[in-house]
Every structure is written in C-alpha cells, then in structure tokens.
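The structure under discussion appears below in the form of structure tokens.
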Amino acid sequence: MVNIGAFFGPMVTMLYMSDYNLVFQISAGIVMLNFILLFFYKEPNRNKTSESLASAIFKVLKNIWLVLLDFKFVIFLLIVAGFWSMYYQLFFTLPVFINQWVDTSIVFDFFNRYIPVIADNYGHSGQMKAEFITNLDAMFIIIFQIFISALVMKKKPLNAMLTGFIIASIGMALTLVTQNVIFTLIAILIFSIGEMSASPKITEYIGRIAPTDKKALYMGYSFLPVFVGSILAGFISGNVYQEMSDKHSLLMRAMQSKNITMPRNLSQNEYFELAAIQLDMSSKELTNYLWNTYHPSNIWIVILGIGLFSAICLWIYNHFLMKINN
C-alpha cells in the first residue's frame, strides 16, 4: 500500500509541477479524504488507564533511554542506517543525476510512439522527466513484491538482509557505467529487488535480537535508522554530489581551467549555453566532454561503498558481536 501511494502520488503531482501551490493543495485534499474514512472506522477495544499526559511522556523518554543504553542494538541501528542512506539516493541524488547526465530520449520516443499521453504529460523537449524514471522503483515493488517475498520468506533474516544490501548496492552502482537510460532502468529494477529483500527482514531481525520482554519496544525503533539514513543521504546528495558530479560546478571548473571568463549573474542554463558557444560545442558534445573529463558518475562508487560497507559491518556484527545464527 505504501508503494501504491508512492507511485501514484508523484504521477499526479508531476502533472502540476508548473504550479507548486496547486500541488500542495491537491496533496492536502487527498489527505482530507481520510476524514471521510473515519466515519467507517471503529476503534478496537482497549484498556483505559488513568495515566496522565506527563506520566506518559516520561515513560516514553524512559523507554528511549533504555533502548539507547543497549550498545549492541544501537550499533545495529547505525549499520542499517547505512543501507537507508543509500536508499534515499534514489530520491535525493538520482533525479538530479538523470536531469544532468542521462539521455532519456529512448524512453520518450517509445512512449511518444505507443502511449503518447505519457510522453505529453511526463516528458519535455524529447526527454522524460527524471521523477518519472525514479518513480519506477515503486512500480517495480508493486509488481514484484509478492514474488520476492515468497523467495525470501523462509530465508534467515541476516542472509536476506545481506543479500538485499549487496543487490541494492550493485543496482545503484550500475548507474556509473553509461549515460544510457536503459542502464538506469535496469539499475532501478535491481535496486528495488534488493530493497524488497532487505527492508521487511530488518524488523524481523530486530524481533530476534531483542530481549524477550522488550520485543515490542525494540521493534518500535526499527524506523530510527530511516531517520538517520535520510540525514546522511542529504549530506551525500548535497556537498559530496556538488563536488564530484554537479554539472554546473564541473562546467565552471572546466571554464576556469581554460582561462575563459564568463559573465556573472547568469542562470545555470544560460551559463551552459554560453559555455557551449565559447567552446564551439553543441549541448550534447559539452555534456559528453564533461562526462569523459570529470567522471561525474564516480558519485555512485561512493554510494556503492556505503552499501557494501553496511553489508560487511552487518556480517561482522552478527558473527562476532551477537554470535547468533540468524
């Protein structure tokens, strides 16, 4: 259900990207539909207590402290955060990378020929929108989750997570091979297989390593690595990407190396167009020159390293710190 929303949400909002006020208004309207559903919802029976709000808050803080005192569990959460930091690159880095470097004209031509309504709404200037390409991850999960779940259902959580981490890492790394969008689509498919294999098993693994009397408490913190991973991912997609892969930054570096002075106060598009004229290149030739000279795809080596490092740490954690056969 999460991925059904993750797929159709962007498909709807991409239709209104020219007016983001309308995007937020539509999103708010869809959320408000839940109020209608509340009329058909019956809350299950529960034991009411006389516990005050202050007491409940104190209890929550005490439970958080108990979890953080478990050194082994915190280490596991940090390892899993590495996986989630790689996962978030699908939304933070990949759309920018596709916009700047990947030729999506093959996909656009396909839809323009066979399903023109998709090309008209999700394409522009002979290229598909990057958000449309990355959104296929959710579509792949909708299609293949039941099949993948059937394959990993009986696998031990650790083995499933290790396999998922490695597969997802390989999927992300394929993007560094070429500017061809076909490789990007294959990379997203492979990554989604790794995601489908690892993600559900994380909670199951926590259930196995948690103390018997604290399983519910520990499993409640299984999403803490998602938060930590998103913070790490933001740093990679920001500072690291700008230094290694940002098209405008690399172009400025190229113009400085050729001692060509460019006017100030230009937009990035204007800067690129003027630079192409100065270098006597077409837009495509300049993009290829930057690709071959500065190798912006190396950002995916960094992300591959994070995924593989997380997998190695997870194996070490299980075999030497926990010493359990999961």
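The values are calculated or read from the model by the stated rules, or taken from the named source; none is laboratory data. Worth saying up front: this structure is predicted, and the values here are computed from it rather than measured. Because the Cβ atoms are built from the backbone with ideal geometry, glycine has one as well, and the counts that use them run over all protein chains shown. These area figures cover heavy atoms from the full protein model, side chains too; ligands, DNA and RNA do not enter into them. Shrake-Rupley method; radii C 1.70, N 1.55, O 1.52, S 1.80 Å.
Observations on the structure shown:
- Cα gyration tensor category, rounded, prolate or oblate, for the stretch 2-96 with a/c compared to 1.5: oblate
- log₁₀ of I(q)/I(0) at q = 0.10, 0.11, 0.15, 0.25 Å⁻¹ - the stretch 225-326, Debye sum with one point per alpha carbon: -0.45, -0.51, -0.73, -1.29
- Database remark: amide H of Gly123 closer than 5 angstrom to the amide H of Lys129 (H placed geometrically; neighbours at sequence offset of 5 or more, or on other chains; Pro and chain starts carry no H).
- With θ taken as phi - 60° and the Karplus curve 6.51 cos²θ - 1.76 cosθ + 1.60 applied, the whole-hertz 3J(HN,Hα) list for the stretch 40-56 is 9, 9, 10, 5, x, 5, 8, 7, 7, 10, 9, 5, 6, 4, 4, 5, 5 Hz, x standing for glycine and proline.
- Inter-site label distance for Asn34 and Val96 at 7 Å from Cα along Cβ, in nm: 3.0 nm
- Carbon plus sulfur fraction of accessible area for the stretch 107-154, probe 1.4 Å, in percent: 66 percent
- The label-point distance for Thr212 and Met14, in a model that sets each label 7 Å from Cα toward Cβ, rounds to 5.2 nm.
- Carbon/sulfur fraction of accessible area - the stretch 212-297, other protein chains in place, 1.4 Å, %: 53 percent
- Helical runs (DSSP H, four residues minimum) scored at -39500 (n - 2.57) apiece and divided by the length of the chain put the mean residue ellipticity at 222 nm at -22500 deg cm²/dmol.
- If you bin all the Cα-Cα distances of the stretch 147-282 at 5 Å, starting from zero, the percentages per bin are 2, 9, 11, 13, 14, 12, 9, 8, 6, 6, 5, 4, 1, 0, 0.
- If you count Lys pairs in the stretch 1-148 whose Cα atoms are under 29 Å apart, skipping same-chain pairs closer than 8 places in sequence, the total is 5.
- Inter-centroid distance (Cα atoms) of the stretch 189-244 relative to the stretch 41-84, Å: 17 Å
- A Förster radius of 51 Å, combined with the Cβ-Cβ distance separating Met219 from Asp109, puts the computed FRET efficiency at roughly 0.60.
- When the alpha carbon gyration tensor of the stretch 32-158 is reduced to an equivalent ellipsoid, the three semi-axes, largest first, read 43, 24, 18 Å.
- Relative contact order of the chain, defined on C-alpha pairs under 8 angstrom at six or more residues apart (%): 24 percent
- About its Cα centre, the dipole of the chain is roughly 1400 debye, where the only charges are +1 on Lys and Arg Cβ and -1 on Asp and Glu Cβ.
- Cα gyration tensor, the stretch 171-241 - rounded (a/c under 1.5), prolate or oblate: oblate
- FRET efficiency, 1/(1 + (r/R0)^6) with R0 25 Å, evaluated for Ser230 and Ile26 via beta carbons: 0.55
- The heavy atoms of His319 offer some 90 square angstrom of accessible surface to a 1.4 angstrom probe.
- Sequence of Arg113, Arg264, Arg253 from largest to smallest accessible area, 1.4 Å probe: Arg264, Arg113, Arg253
- Compactness relative to 2.2 N^0.38 Å, alpha carbon Rg of the chain: 1.18
- Rough spin-label spacing in nm, given labels placed 7 Å along Cα→Cβ, for Leu61 and Ile260: 6.0 nm
- Per residue accessible area of the stretch 174-233, 1.4 Å probe, in Å²: 43 Å²
- Within straight-line cross-link reach of Lys258, lysines at Cα separation under 28 Å, skipping those fewer than 8 residues along the same chain: Lys247, Lys284
- Length gained on full extension, Ile4 to Val177: 59.3 nm, using 0.36 nm per residue less the C-alpha separation.
- In summary, the lysines within cross-link reach of Lys155, defined as a Cα separation below 22 angstrom excluding same-chain residues under 8 places away, comprise Lys201, Lys215, Lys323.
- Excluding ligands, DNA and RNA, the accessible surface per residue across the stretch 14-74 is 93 Å² with a 1.4 Å probe.
- Helix 105-114 and the long axis of the chain differ in direction by around 80°, with both axes built from C-alpha atoms.
- Contact order relative to length of the stretch 62-144, as percent, for alpha carbon pairs under 8 angstrom and 6 or more apart: 24 percent
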